Amino acid sequence: MAASNNCDEVGISLLKTTLYKIYKELNETDFKELRYLCKIPKKAEENMTTSLDLFNYLEEEGKISENNVGYLDGLLKRMGKSVLRDILCEAKKPGLGKTPPPGFPQRTPTLRSSGSSGDGNQPTDLKGPQYFTSPSPPPINQSKTERQMHRAKSASEVAALSSGQSPTGLYNIDGGQTLPKFNQSTPRRLDQQANQSIRPNIFADVSTPPTRGSVPTTPSSGQRPTRSISLLDMPIIEGKLGNMSLKDPSPSSVNDDLQTDSAQRVLEDGASSSRSSSQCSVWELPVYSPQETQEKKTEMKAADQSIEELMLSINNLTEQKEVRDARAASGSERPTLRAYQTELAERPLRKFENHIICAPTGSGKTLTAAFICYQYMRRFQRAVDEKHFKALFIVHMRHLTWQQRNNFLLYFPNKQAVRVIGEQQTFKDALKFDEEMPAVLMLTAQIFVNALKSKSIKINDLDMLIFDECHHTDQKHPFNEIMKTYLKEKYKQPRHQVGVSDRALPFIIGLSASLGVGHELTALGHLQTLCGNMDSKGVVRVLENVEELKRHVNSPDEDTIKQALPRDAHDREFGNLLEVIMLEIEGQLPEIVEHPLPSHGTQLYETEVKRRLIEAESQRSANRTDIIVYMYLYEYNRAMILYDDLRVKDGLRHLEEFHVSRYVQDHPDQVPVEEHCRRLFNSQLPRMKELEKDEGQHSNHKLGELAHVLHQIFSDKPESKGIILATMKVAATALVEFLRSSDLLKSLPCRIEPLRLVGQGSLEDDCLTEAQQKEVLNSFRRDDGCNILVATDIAQEGLDMPACSFVIRYNFVSNEIGTVQSKGRARASGSQCFLIVERNSQNEKREYENRSKVVRMEKAMEELEAMVEEDRLLKIQEKQDARIKAIIKAEEQEKLQGRMHDLEKIYIHCKECSAYICKASELRRKGTAGHVTCISPDFGSKITEIRSSIPQRYRDTETTGFIKCATYTCKKNLGTMQKFLLLDPPLGYALKADNFKIVFSREGTAKVPKQWKKAGFVMLQDEDEF
């Protein structure tokens, strides 16, 4: 009853509060059912859009009143709404009564007994056979004359009141003195009053209450004419009260007087000039003279400003998500957008044309998108009867889907309206085109791409697409694959304008905190290309309400580059041993002597070795010696990078795991160079073990710097929570181990609890499942959970972590977008950001370059905004036309390749040992994910199957194990074993393209594709016949 008490304090009847609570629990389907049960006349039904309109109509017709809710209870019973009946029952418990108006002490009303005379109210159990004994409810089939007689009874009560009597529904206070109820005259919508509008800031006060027992019908010199509060005014009152809502009485302690006047101040503007001074009721709202109004405005401005500042501190951004989640859980009102969020939504909503919304992390972009989606859905439902509204919210990482759903539920209170696609659910089963729910589906881009490729859905089956982190819509990213399908469909239309989708295609909204500068000649050209790819009319940013945006979005107080010294010369023995082994391995190939490789332990060395490895694998008659040498050099260089960033232990563990994976017993076909590499490692292994044992905790100065930074953070604020970003999954694992074993961190008085957050992947990788990711994130959000999240780039974008007070990039430098996005994870007030790099390293130089690119990006945004709209759209159209031409050209080349090549003359080999596997004609795409399997009857003899003890289920497939090359000295991993749950026969494989060499016998060439679509021939579908 806290909610109702609060409403009484602002002068709203308990009935109106209860009806409003029930209204917010009813969805569109419930409203239609309720309207049908009430048998509303068609003429009255035309003006009903919500259940609030219906309740207002029933109140006007006398079917619902303060003294009778039996009719409504019967309707709810027929609908099976037991929870709502409990709300109705709670509102009429005996002894609660109504709260007196402001200025009077609260009293419990005296209830008349069943034997008392007059029209007393005798409350009974709502769920029993009878409800309130008097007055009786008007029957459903009551005639018009009977209804008029029923209303006349209320008029007689007013007459009795004016004569000093004590009729039904009056307060019995102080020995029989009575106070009237609110005026029950016909309510009106504020927006229907002539020449009236609701202004965003209302400044007024409540009039002095009248003398008890008196009922003035005309205002005296000390009284002002007022207007009654209608049931239809409730959403306006609740929206204006903000956090002092009908649901939450707690802010009353902030300013009781202001809260008491809140509801009446909200409505004062809508009534002041429309009511004559001769028509007023005792508890109606005041109308001020111009001079009094100006004085009150000045007075209330100062008071409202104080409240705003206080509520900003209460609803600080660090707690904003928790507040919104609580509202969603309680079924509270849809949030009112802030001014800057309204500014972001204004242009997309003007004509529902495609736009990109660019705003800082933590500014509420997702909430703004939810508002736009909700408004578009309402418009769609009014205009289209033949289909259900369907929208997709598309993310690039799975762990973001549930987070974004919580924001959307604030505008879609029915939980069934917004769903996340299940990990084992097909696209069509999740979206349910033949049902109203869900209206919005959260999913990753690749799921949608697979659905489009499998032709289980068409792009124009959808009504709206929202892309989270839309700056990825470039090159071969799944976002761009989706938009490629969209643009191809759009250019089939006779007329196509940039950003205009009409009803033939879905409405597009893109969200991003940073759009980057791309790889084009100018940053402006990159933004225009991005708009073309997204079919966007432009980029929307906050330009007018910048100060409000700054108040609500926390930026880190510090963004510091911590320069660590390289390892000491006497502490580099492990690195020196790796150098010796690598030089010995390089000596096995004369090519390396003639064309030297870059410096060991660098990214440049890794890139060049990888290039030469792919080149060696792509030779038609590959030399296994070359392949093995470059494979070993690649892994040794990776071990040296780990040693430079972390510990001897981490570099050595990587090498040991690699050698175990390569180990085979002596065999006549074994390549000599591999045995030589193994002997080199084994000869140095004992000394490496000693170095691992003797290494100090902070021998690596970057680790020492990390420990000292964390020690300082938790010493100053023991309750801190933060994220450490690492370059690789193995580095994330190593850092968690280091943090748990650090003596310096153990000396802190508070606990240090790190957990690892990495991406999802194949079974053999050190990955997490979706359930494990959720568990880690939930632990980080809890007060008693982990307080340090050690993550790869999976945590660089999108994560909503209001409690995160620091971000440390541990030798982690990506691009200019990453520089901006990583800082956005630090959302708490007074947060800090650090980059720990080696002094004068390549990563330090790249970071300074990224920061200069951020400045270029800002200038490019200003240039794009300064362009005349016609010129801007023309440039975007040019970029879009070029994209379409490139798409058409690529598809024509693909078709040409399909006609040119005889699949019987294309052979598939293991890329490492060159063993023959099958023909291209024996490969098939299978399942909605487009896995490539082999139907050759001899395929089983070419591979070795390794079954997994725990199969991994995902949507319509189940990974049951791995397959490796059957060549004894090779054992190259070729892919996974799959069970296709929706197909017959269900068994098959998922072959990894980059593990195979494709030989074109007619041309005498070979290649190792990164993806099957780059194989150089058109793959047959599973249902095709060769």
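The values are calculated or read from the model by the stated rules, or taken from the named source; none is laboratory data. Everything quoted here is computed from the prediction, not taken from an experiment. Please note: Cβ atoms are built from the backbone with ideal geometry, for glycine as well, and neighbour counts cover all protein chains shown. Surface accessibility is based on the protein's heavy atoms, side chains included, excluding ligands, DNA and RNA. Shrake-Rupley method; radii C 1.70, N 1.55, O 1.52, S 1.80 Å.
Worth pointing out:
- Number of the condition not met by S720 [criteria: (1) over 25 Å from Q603 (Cβ atoms); (2) in a loop (DSSP other than H, G, I, E, B); (3) open to solvent by 30 Å² or more (accessible area, probe 1.4 Å); (4) in contact (Cβ under 8 Å) with a residue 40 or more places away in the chain]: (3)
- Criterion applied to M437, M397, M464 was being in contact (Cβ under 8 Å) with a residue 60 or more places away in the chain, of a type in the set (A, V, I, L, M, F, W, C) and open to solvent by 20 Å² or more (accessible area, probe 1.4 Å), and the one residue passing it is M397.
- Filtered residues of the stretch 518-555 (kept if hydrophobic (A, V, I, L, M, F, W, C), under 20 Å from Q475 (Cα atoms) and in a helix (DSSP H, G or I)): A523, L524, L527, L530, C531
- Odd one out for T727 among (1) surrounded by 16 or more Cβ atoms within 10 Å (Cβ to Cβ); (2) over 28 Å from I950 (Cβ atoms); (3) in contact with a strand residue (DSSP E or B) (Cβ under 7 Å, 6 or more places away or on another chain): (3)
- Counted residues, the stretch 376-434 - those being of a type in the set (A, V, I, L, M) and touching a His at 6+ places or on another chain (Cβ under 6 Å): 0
- Within the stretch 354-391, restricting attention to residues that are without any contact (Cβ under 8 Å) to a residue 60 or more places away in the chain, in a helix (DSSP H, G or I) and out of contact with any helix residue (DSSP H, G or I) (no Cβ under 9 Å at 6 or more places or on another chain), the residue that is most open to solvent (accessible area, probe 1.4 Å) is R382.
- Selection within the stretch 803-827 - in a loop (DSSP other than H, G, I, E, B) and either touching a His at 6+ places or on another chain (Cβ under 6 Å) or within 19 Å of I752 (Cα to Cα) (or both): A803, C804, S805, A826
- Residue in the stretch 805-814 that is open to solvent by 50 Å² or more (accessible area, probe 1.4 Å) and in contact (Cβ under 8 Å) with a residue 12 or more places away in the chain present: no
- Residue match in the stretch 596-604 (condition: assigned to a helix (DSSP H, G or I) and either modelled with pLDDT under 90 or open to solvent by 80 Å² or more (accessible area, probe 1.4 Å) (or both)): yes
- When the stretch 467-492 is filtered for residues that are open to solvent by 10 Å² or more (accessible area, probe 1.4 Å), touching a residue at least 12 places away in the same chain (Cβ under 8 Å) and more than 30 Å from N850 (Cα to Cα), the ones remaining, listed by number, are T485, K488, E489, Y491.
- Scanning the stretch 386-409 for residues being among the hydrophobic types (A, V, I, L, M, F, W, C) and modelled with pLDDT under 85 gives a total of 3.
- In the stretch 347-380, the residues that are at negative phi and either aromatic (F, W, Y) or in contact with a Phe, Trp or Tyr (Cβ under 6 Å, 6 or more places away or on another chain) (or both): A370, F371, Y374, Y376, M377, F380
- Residue in the stretch 732-750 that is under 24 Å from D650 (Cα atoms) and at pLDDT below 90 present: no
- Single unsatisfied condition, S948 versus (1) at pLDDT below 85; (2) farther than 17 Å from K1007 by Cβ; (3) not in a strand (DSSP E or B): (3)
- Number of residues in the stretch 621-659 that are outside any helix (DSSP H, G or I) and surrounded by fewer than 17 Cβ atoms within 10 Å (Cβ to Cβ) equals 2.
- Remark: pairs (first residue in the stretch 765-778, touching a residue at least 12 places away in the same chain (Cβ under 8 Å) and basic (K, R); second residue in a helix (DSSP H, G or I) and open to solvent by less than 80 Å² (accessible area, probe 1.4 Å); Cβ separation under 9 Å; 6+ apart in sequence or on different chains) = K774/H399.
- Answer residue from the stretch 560-570, given it is open to solvent by 50 Å² or more (accessible area, probe 1.4 Å) and either over 41 Å from the mean Cα position of the chain (by Cα) or of a type in the set (D, E) (or both) and is nearest to R827 (Cα to Cα) among those: D568
- Residue match in the stretch 915-931 (condition: open to solvent by less than 60 Å² (accessible area, probe 1.4 Å), touching a helix residue (DSSP H, G or I) at 6+ places or on another chain (Cβ under 9 Å), assigned to a strand (DSSP E or B) and without any contact (Cβ under 8 Å) to a residue 40 or more places away in the chain): yes
- Whichever residue in the stretch 74-92 is among the charged types (D, E, K, R) and surrounded by fewer than 20 Cβ atoms within 10 Å (Cβ to Cβ) and, among such residues, is nearest to E25 (Cα to Cα): D86
- Here Q425 passes the criteria (1) part of a loop (DSSP other than H, G, I, E, B); (2) closer than 13 Å to A439 by Cβ except the one numbered (2).
- Residue match in the stretch 717-724 (condition: more than 30 Å from Y968 (Cα to Cα), of a type in the set (S, T, Y) and modelled with pLDDT of 90 or more): yes
- Close contacts from the stretch 874-902, counting a first residue that is closer than 21 Å to K1014 by Cβ and a second that is modelled with pLDDT of 85 or more and of a type outside the set (S, T, Y), with Cβ to Cβ under 7 Å and a gap of 6+ residues or different chains, come to R883/L487; R883/G532; R883/N533; I887/K484; I887/K488.
- Of all residues making up the stretch 539-559, the number that are modelled with pLDDT under 90, surrounded by fewer than 17 Cβ atoms within 10 Å (Cβ to Cβ) and closer than 26 Å to G510 by Cβ: 3
- Residues (open to solvent by less than 10 Å² (accessible area, probe 1.4 Å) and either more than 15 Å from L735 (Cα to Cα) or in a strand (DSSP E or B) (or both)) located in the stretch 779-793: F780, G785, I788, L789, V790, A791
- Condition check for L515: among the aliphatic types (A, V, I, L, M), open to solvent by 20 Å² or more (accessible area, probe 1.4 Å), in a loop (DSSP other than H, G, I, E, B) and in contact (Cβ under 8 Å) with a residue 24 or more places away in the chain: no
- When E346, E322, E333, E353 are screened for being over 27 Å from S822 (Cβ atoms) and at pLDDT below 70, only E333 passes.
- Considering residues of the stretch 678-705 that are open to solvent by less than 30 Å² (accessible area, probe 1.4 Å), in a helix (DSSP H, G or I) and in contact with a strand residue (DSSP E or B) (Cβ under 9 Å, 6 or more places away or on another chain) only, the residue farthest from F658 (Cα to Cα): G704
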